[in-house]
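Shown next, in structure tokens, is the structure this report addresses.
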Amino acid sequence: MILSIMLIVLQTAPATTPAPQSWSILTPTDCPVSTDRDIVVCAPTPGSPAAERLPLPDERVSDGPAPTNPNLSARRALDLEGTPCAAMQKGCQVGFGPPIAPIVAGAVGLLKDAFAKKPDKRGRVAIPLDDPAPVVVP
């Protein structure tokens, strides 16, 4: 019974499918439509969003720092390495050494602290050894 009702309902409602709409994101909307069997190629107008394309890897411009050796070639790595200062005509530039006066003052202060007499902090009491020993009378 249920099966027969389902068949009647399916027969009364005609199946209407909408006609598929075809469109392409590659062709602009102002491209003339050809009715013949000709192939029409339309180029987007400059400045339109369709005219913009992604840059090729060699054309891209980075917002951040650019790598100096992106291809990791040995020749480029050697070119980027600086010449040692000993091999250059001007020689190596060395900075001034550390100031001598503060180092000497610090060493003198350490020696003074090392040989200074320090107070006894253990709470010991000194025994006087100057007095003669008591004499015991029999």
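The values are calculated or read from the model by the stated rules, or taken from the named source; none is laboratory data. Please read all numbers here as calculations on a predicted model, not as lab measurements. Note that each Cβ is placed from the backbone with ideal geometry, even for glycine, and that neighbours are counted across all protein chains shown.
Within the stretch 71-123, count every residue that is loosely packed, with under 10 Cβ neighbours inside 10 Å and either touching a residue at least 12 places away in the same chain (Cβ under 8 Å) or of a type in the set (D, E, K, R) (or both).
So the answer is 11.
When you scan the stretch 66-86, how many residues do you find that are outside any loop (DSSP other than H, G, I, E, B) and modelled with pLDDT under 80?
2
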